[in-house]
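Comments concern the structure below.
The values are calculated or read from the model by the stated rules, or taken from the named source; none is laboratory data. Given the structure is predicted, the values throughout are model-derived calculations rather than measurements. Virtual Cβ from ideal backbone geometry, glycine too; neighbours counted across all protein chains shown.
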Amino acid sequence: MTPRVSIVIPVYNEGEAILRCVDRILRDVLLPSEILLVHDMPEDTTVPYAEKLATENPHVRPVLNTYGRGPANAIRFGIDTACAPVTVVTMADGSDDPRQIDDLARLVERGVVVAAASRYMPGGQQVGGPRLKRFLSRWAGRTLHWFARVGTRDATNSFKAYDTAFVREVGIESRTGFEIGLELTAKATRLRRPVAEIPTIWLDRQLGESNFDMGRFMPSYLRWYFFAFGRRLTVSQVAADPVVDSVEKESKVSG
């Protein structure tokens, strides 16, 4: 049976901690789903635990990302590999609430192309995390909501559901970090496609270290922040170049 939602989780040396993450998803997500654990290299410490999970549950799929290392490429690969009409991106560190995956997916099934879990709308909250990162994220979310009318107060949060066909239609240009959520929200805004949000409580990870590098990722975030403002565009004007993407994918596979 084709799943209604594909859950894409980029992983990097999560080790045994991935067991708790996937267990929560299997327990809390009621919609027919598949879980894609996307890793960059066979020697990643997550792999043996992911393979164990896959033997115990056919809905879990460890997949090797061939688009290049890093979270953006892992998420791109996961969405391209997804079988369901709705794709949810969530993190492996336990910061996102898997009980909200069903609600996010149902919003997409009702017609929105991006459904965001929002820390900054009434009922939402962010617990922990670096103070500067929190301030910049909240400021970006509020200004984009007020002035660009992006449909969510939390455009930078990675915990989102997408219309899979929409993502494949417009493509993903991000190659650096976790800015894909902002890119796709900005593209939906310029195309005047519907974006919606529900409140979420985000908890800073309790185990391991964050892979977020503010200095490295900030230029990409700024690019998509400013892109969200402007007149209506067509799909051809916002879509990633399929020729460039094809060449990049072939070079990653052959390399």
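Miscellaneous remarks
- Any hit, the range 94-106, residues being modelled with pLDDT under 95, under 19 Å from F178 (Cα atoms) and not acidic (D, E): yes
- Among the residues making up the range 146-164, those that are of a type outside the set (A, V, I, L, M) and over 19 Å from the mean Cα position of the chain (by Cα) are W146, F147, R149.
- Subset of the range 137-161 (residues that are closer than 12 Å to E197 by Cα and hydroxyl-bearing (S, T, Y)): T152
- Among the conditions (1) surrounded by 21 or more Cβ atoms within 10 Å (Cβ to Cβ); (2) free of Cβ contacts under 8 Å to residues at least 40 places away in the same chain; (3) out of contact with any Lys or Arg (no Cβ under 7 Å at 6 or more places or on another chain), the only one that T55 does not satisfy is (1).
- Unmet requirement for T46, which otherwise passes all of (1) at pLDDT below 95; (2) touching a His at 6+ places or on another chain (Cβ under 8 Å): (1)
- D44 among the acidic types (D, E) and under 14 Å from the mean Cα position of the chain (by Cα): no
- In the range 107-135, residue farthest from the chain's Cα centre (by Cα) [restricted to those that are assigned to a helix (DSSP H, G or I) and touching a residue at least 60 places away in the same chain (Cβ under 8 Å)]: L132
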